[in-house]
Amino acid sequence: MHNQKGFTLVFIGVIISIILISGALIFYYQNELMFTQPKATQQAYPSKTPSLVTNSPAPTASSEINTNNDPTITIVGNEAKITGIITDVNHGCWVDASCSIQLNNKIWIGYDSGSTPLMLSDNPPARGTINGGDFSKDKSQYIGKRVEAYVATTPDGSFTLYGSSKYYIKIID
């Protein structure tokens, strides 16, 4: 009888340890997803900020890029005005990552960070608006649409709707 009691206590201890280790791993990897910056050549995924990395070189302050296949980007300080054609919509925020749109197969603009710890905190960052559409619905209806965006830039060359309620992404045609 005494041996069975000891086995039960060890078994319960092992189960509790597994639960604690599983919780710690889930917390670690969820934060790892949120705080890992992808390489510029990789598909864009969540970064340290609720935005996504660009797939093209970041322009310098007050510069403008405009070629036939590039979006138009004007950067002043830490804000950017961008126009381009939507070529992809990423719904990563549905699985606790970041949602974003890709313009001209070149840059990503983050617009939602899902249920990440940052967004679930008592003081989530201000976020701009999306005018003329809802990217969370059927993404194929937005591919090929021209948009204008007024967004924040980040030190890593990302563009994001987070940082101010004055930022926006607007479908213009």
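Scanning the stretch 87-112 for residues that are open to solvent by less than 40 Å² (accessible area, probe 1.4 Å), touching a Pro at 6+ places or on another chain (Cβ under 8 Å) and part of a strand (DSSP E or B), which turns out farthest from residue 169 (Cα to Cα)?
107
Just to be sure before I move on: is residue 155 surrounded by 15 or more Cβ atoms within 10 Å (Cβ to Cβ), modelled with pLDDT of 80 or more and not in a strand (DSSP E or B) in the structure I sent?
Here the answer is no, as residue 155 does not meet what is asked.
Do we have residue 84 as more than 13 Å from the chain's Cα centre (by Cα), open to solvent by less than 40 Å² (accessible area, probe 1.4 Å) and either more than 27 Å from residue 26 (Cα to Cα) or modelled with pLDDT of 90 or more (or both) here?
So residue 84 passes the test.
Going residue by residue through the stretch 56-67, is there one that turns out to be in a strand (DSSP E or B) and at pLDDT 75 or above?
No, the stretch 56-67 contains no residue that is in a strand (DSSP E or B) and at pLDDT 75 or above.
The values are calculated or read from the model by the stated rules, or taken from the named source; none is laboratory data. Computed from a predicted structure; not experimentally measured. All Cβ positions, glycine included, derive from the backbone under ideal geometry; neighbour counts span all protein chains shown. Heavy atoms of the whole protein, side chains included, go into the accessibility calculation; ligands, DNA and RNA do not. Shrake-Rupley method; radii C 1.70, N 1.55, O 1.52, S 1.80 Å.
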